[in-house]
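Accompanying notes for the structure given below.
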Amino acid sequence: MKKVYLDHGATTPMRAEVIDEMVKIYREEAGNPSSVHQFGRSARKVLEEARMKVAEIIGAEPKEIIFTGSGTESDNIAILGTARLKAKQGKGKHIITSSVEHHAVSDTCKMLMKEGFDVTFLPVDADGLVSVESVKQALREDTILVTIMHANNEVGTVQPIAEIGSLLKGHPAVFHTDAVQTVGKLPVNVNELGVDLLSISAHKIYGPKGVGVLYIKKGQRVESLMYGGGQERKIRPSTENLAGIIGMAKAMELAKNELEAESTRLQVLRDRLIKELLETIPETKLNGHPTKRLPHNANISFEYIEGESLILSLDMKGIAVSSGSACTSGSLDPSHVLMAMGLTHQTAHGSLRMTLGKSTTDEDIDYVVAELKTVVQRLREMSPVWDQRAKV
Amino acid sequence: MKKVYLDHGATTPMRAEVIDEMVKIYREEAGNPSSVHQFGRSARKVLEEARMKVAEIIGAEPKEIIFTGSGTESDNIAILGTARLKAKQGKGKHIITSSVEHHAVSDTCKMLMKEGFDVTFLPVDADGLVSVESVKQALREDTILVTIMHANNEVGTVQPIAEIGSLLKGHPAVFHTDAVQTVGKLPVNVNELGVDLLSISAHKIYGPKGVGVLYIKKGQRVESLMYGGGQERKIRPSTENLAGIIGMAKAMELAKNELEAESTRLQVLRDRLIKELLETIPETKLNGHPTKRLPHNANISFEYIEGESLILSLDMKGIAVSSGSACTSGSLDPSHVLMAMGLTHQTAHGSLRMTLGKSTTDEDIDYVVAELKTVVQRLREMSPVWDQRAKV
Amino acid sequence: MYTEKVMDHFTNPRNVGELPDADAVGEVGNMKCGDIMKLYLKISDDGVIEDVKFKTFGCGAAIATSSMSTELIKGKTVEECLKLTNKAIAEALDGLPPVKMHCSVLAEEALKAALLDYKNKTGKDIDISEEDLKGDDHDHHEDCDHED
Ligand SMILES: Cc1ncc(COP(=O)(O)O)c(C=O)c1O
Ligand SMILES: Cc1ncc(COP(=O)(O)O)c(C=O)c1O
Ligand code: FES
Ligand code: FES
């Protein structure tokens, strides 16, 4: 059966070039980068080269790069690490974030609320956009942290990070952005964005799972979440995941080199997917901003259908997509992102995220459009709601 | 030049079998284990198989196994996660640990002291042993956590964990052991040890860096350090490092199968190394327990010599060893382990840890003994202290 | 972590040994790590360092800086030696890792101790006193926090 993987927003397959680099490290670098002897020094050299590479790609200095164990960990160090430190320094306890963040940010902010912090969750408009004006209004003297994602993982909307960065110039609040979904898809330069902290994850860009980067602007301090050895400036103690880090650097390098061409290619495919779905299937609608969006993301609501059944039906046709609904990850609530954008429960439940990637072809799009048409029709025919609507 | 790696206590080279398993995952498993579709389900299956394998090896149940990003992280979740939760529940704020723990434990306990916890650091005897009696004496009604390592990473002394486990039966304190150095070298069974929490790290047993396990006995709860998705029962949110986890399970399986034969082989080689060094080089002494010690560990003090210069000199002969002195990892203090055992500053500074491994041969031992003799002599001749001693 | 020059001086230290007929001897210890350096100077009547030898118990950086310092002071006058700083010694070795900067203090201090010994023995007017030997101990905490 044909297999079409349209869930690159969840994770990406590893690139052969990345695997090769990692295997080389697995085979040839036996040492611990903290060891004094030649095995250790050689590992250290490889590690620092990767740090330089990553730094250059995002316009940072090598010492501003901290390797972590995941995108989630980068977000947590950024947020908990800043908030707890600033609170201890008596700088304030107010945090600004958006209502469409990834759980790694939103749940962390909620945790801080339990610790006595005051968190403002900014609303978004119908396209999922945070307004710069709303940040300005929310900003207070005791605001210590503003954390707003670069682009949303569900609906693909790209936030005006650079504008918010400009706004925050002169205000002591630390500015963090979760760039897990943008690195490798949009140009990401820490200076242009004007951020103090920025999170990246390797497995979204054809790199290994379990490796992240946290950019920490020179002069910024964070408390660490763990204690132990002196690795990564004590911010992330643990023997460094050398091969993973090298894999991450390689993945970022490849993505950077191919960014323009690949983004354009994906956007063309994605736009056709959206157009054909909206045109051929009635009562469908695109979620997320029409233009300010990730090039590979299509998020579409199919009215009168529940997302999980749609996913399972497509899965039986070899098509892998994901749902706005988080049924499967333990919660039955509809996507907080779609709800924040003003969708009804029902519409939110019937939403599908399709995220294209390197392997995606024109034939894949044809296949998905055709299969979706059939599946949606079948499910709608089974749905009492569709029924009622039809009878109106 | 001949290369002899005697620093397996710091990290181990990856085994070819482990690399092969991981590459298979990198190539064949594209999915995120949390995804509903077939790519996700396949990844989930592989993940749960690894969990079952790891559980079986240490005598646990699969749901008692949490995969983490390192040994350090396992230790931190165990300690911070237990202490903060128990304190909130009003169970007490007293913690017992030893004075020879790895920094991932000792620095974490020191952090808790800043948070208002009361930590007892138990002394050790000259061989580095914690006495069960001292645990008994330190135990209080408000003791919420006892964390004592299974075997020491510097001097190799194996602690009486099972006896402490028996002692703690009936006391509400949670019992954690850092088994990072013992898994794969000694039999490790959570029931026989009587522990509630146990930490493992993959890169000490020819597995990948950046993967750890935390065993959490059924019924025990810990607070997590990070917030985000629902992975690993929310204790360690982040997309799972699937290949790394599979590599860890494979490494543990191989180590378990070969444990008896390989431990015996290493012990014979190690005993010869110790015997020949002590016999042929004057003013040397073995650190750590003579018999209750890790089979691959030799830690020897060479009086009137500083450890780093010894390491560098051996390094130029292709021999990789490490020092008790932590000069290079940011601190200039001599090893807290050797100091706790009652060594003088000077003797502690002149100590060398040699940790054997799979690649170690009889010829390696001959070579190391011969080179050490020459190097020690050269350095002693340069040393003003040796001089004065000779003149007495 | 060490430069080639450091490794060279560590592997083939210059001027190791003792001078039985030394005009001045300086011995200092580095409190923090228990390291020791002993420096022997042979000084001509017009105040020129004619010969120098050392013995050091210490790490790679301590041995290399000891060795380099002997090269730097040989043939220099006492006055010139007074100006020698640990920084200059480290620079002559193409630098030391931040955590190892304090090790170079050992060499500077041994030299000062020797010159003080020379002053005390000969009564010559040399611009040095016990005060100068109190040690730049604070340097030891210059750790590897790369924030600069
Ligand atoms: C006893 C002990 N605990 C914890 C650790 C930390 O493990 P990791 O490097 O995986 O964080 C180590 C080794 O570094 C160790 O030897
Ligand atoms: C926007 C965003 N932030 C954070 C994460 C978490 O990254 P990781 O899975 O590496 O922890 C993800 C993906 O899962 C994401 O899409
Ligand atoms: S009916 Fe199953 S998740 Fe709602
Ligand atoms: S002299 Fe002590 S670390 Fe260098």
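The values are calculated or read from the model by the stated rules, or taken from the named source; none is laboratory data. Note that the coordinates shown come from a computational prediction; the quantities given were computed from them, not determined experimentally. Virtual Cβ from ideal backbone geometry, glycine too; neighbours counted across all protein chains shown. Just the protein is used for accessible areas: all its heavy atoms, side chains included, with ligands, DNA and RNA removed. Shrake-Rupley method; radii C 1.70, N 1.55, O 1.52, S 1.80 Å.
Residues of segment B:252-276 with an amide N closer than 15 Å to a point placed 7 Å from the Cα of B:K373 along the Cα-to-Cβ direction: B:273-276. In segment A:99-119, the residues that give up 50 Å² or more of accessible area when the other protein chains are added, compared with the chain on its own (1.4 Å probe), are A:M111. Calculate the tail of P(r) for segment C:4-123: the fraction of all Cα-Cα distances greater than 21 Å, expressed in %. More than 21 Å apart: 29 percent of the Cα pairs in segment C:4-123. A straight chain from A:D366 to A:E258 at 0.36 nm per residue would run longer than the Cα-Cα distance by 36.4 nm.
Over the protein assembly as shown, with every protein chain in place, what whole percent of the accessible area is carbon and sulfur at 1.4 Å, could you tell me?
52
Net charge in the neighbourhood of A:G350 (other residues with Cβ under 9 Å of its Cβ; Lys, Arg +1, Asp, Glu -1) is -2.
Interface residues of segment B:8-29, defined as those losing at least 20 Å² of solvent-accessible heavy-atom surface relative to the isolated chain (probe radius 1.4 Å), are listed as B:A10, B:T11, B:P13, B:M14, B:I19, B:V23, B:Y26, B:R27. Backbone N atoms of segment B:3-46 closer than 18 Å to the 7 Å Cα→Cβ label point of B:M52 belong to residues B:33, B:41-46. Site pair B:Q89 and B:Q137 shows an inter-label distance of 3.0 nm when each label is modelled 7 Å from Cα along Cα→Cβ. About its Cα centre, the protein assembly as shown has a charge dipole of approximately 2260 debye under the convention of +1 per Lys or Arg Cβ and -1 per Asp or Glu Cβ, with nothing else charged.
Net charge of the neighbourhood of B:D75, taken over other residues with C-beta under 9 Å away and scored Lys/Arg +1, Asp/Glu -1, is -3. With the highest mean first, a sort of the peptides B:115-127, B:41-53, C:102-114, A:155-167 on other beta-carbon atoms found within 10 angstrom per residue produces C:102-114, A:155-167, B:41-53, B:115-127. Spin-label model, C:K76 to A:K110: label points 7 Å out along the Cα-to-beta-carbon direction sit 6.6 nm apart.
Near B:S98, the amide H atoms lying under 5 Å from its own belong to B:L122, B:M149; only residues 5 or more places off or on other chains count, and H is placed 1.01 Å from N. Name the residues whose placed amide hydrogens come within less than 5 Å of the amide hydrogen of B:D7, ignoring near sequence neighbours (fewer than 5 apart) on the same chain. When sequence neighbours closer than 5 places are left aside, the close amide H contacts are B:T355. Label-to-label distance, B:S359 versus C:D8, with points set 7 angstrom from Cα along the beta-carbon direction: 3.0 nm.
Distance from the Cα centre of segment A:343-375 to that of segment B:184-256, in angstrom? Segment A:343-375 and segment B:184-256 have Cα centres separated by 37 Å. On the principal axes of its alpha-carbon atoms, segment A:101-151 has extents of 32, 27, 16 Å, going from largest to smallest.
Based on DSSP H runs of at least 4 residues, each adding -39500 (n - 2.57), what is the mean residue ellipticity at 222 nm of chain C after dividing by all its residues, to the nearest 500 deg cm²/dmol? Helices in chain C give a 222 nm mean residue ellipticity of -11000 deg cm²/dmol. Note on B:T344 and B:E381: with the Förster distance fixed at 25 Å, the Cβ-Cβ geometry gives a FRET efficiency of about 0.70. Taken along its principal axes, the alpha carbon cloud of segment B:233-314 reaches lengths of 54, 31, 22 Å, longest axis first.
Taking every DSSP helix (H) stretch of at least 4 residues in chain B, weighting each as -39,500 (n - 2.57) and dividing the sum by the residue count yields a mean residue ellipticity at 222 nm of -13500 deg cm²/dmol.
Projecting the Cα atoms of A:V375, A:S359, A:Q38 onto the charge dipole of chain A, computed from C-beta unit charges around the Cα centre, puts A:Q38 farthest toward the positive end.
Contact-buried residues of segment B:54-82, at a threshold of 20 Å² lost accessible area versus the chain by itself: B:S70, B:T72, B:E73, B:N76 (1.4 Å probe; DNA, RNA and ligands ignored). Its Kirkwood hydrodynamic radius, worked out from the mean inverse distance over all distinct Cα pairs, puts the protein assembly as shown at 29.9 Å.
The spread of Cα positions in chain B, taken along each principal axis and listed from longest to shortest, comes to 74, 52, 34 Å. Near C:K76, the amide H atoms lying under 5 Å from its own belong to C:I49; only residues 5 or more places off or on other chains count, and H is placed 1.01 Å from N.
Once B binds C, the 1.4 Å probe can no longer reach about 2200 Å² of accessible area, counting both sides. The A:K3 and A:K285 beta-carbon pair, evaluated with R₀ = 45 Å, returns a calculated FRET efficiency of approximately 0.95. Other residues lying with their Cβ under 9 Å from the Cβ of B:I365 contribute a combined charge of -3, Lys and Arg counting +1, Asp and Glu -1. A 1.4 Å probe run over the protein assembly as shown, with the rest of the protein chains in place, finds 36 Å² accessible per residue. From most to least packed by mean Cβ count within 10 Å, the peptides B:60-70, A:365-375 give B:60-70, A:365-375.
As a quick test, which of the pairs A:K317/B:K53; C:K5/C:K55; A:K45/A:K217; A:K250/B:K317; A:K63/B:K317 have an alpha carbon distance above 29 angstrom in this structure? Show your work: numbers first, answer last.
Values: A:K317/B:K53 32 Å; C:K5/C:K55 19 Å; A:K45/A:K217 23 Å; A:K250/B:K317 34 Å; A:K63/B:K317 33 Å.
Too far apart for the 29 Å limit: A:K317/B:K53; A:K250/B:K317; A:K63/B:K317.
Subtracting the Cα-Cα distance of B:K292 and B:A126 from their residue separation scaled by 0.36 nm leaves 58.5 nm. Taking the Cα centroid of segment C:17-70 and of segment A:50-122, what is the distance between the two, rounded to the nearest whole Å? Distance between centres, Cα-based: 51 Å.
Pairing chain B with chain A buries about 4900 Å² of accessible area. This figure sums both sides and uses a 1.4 Å probe.
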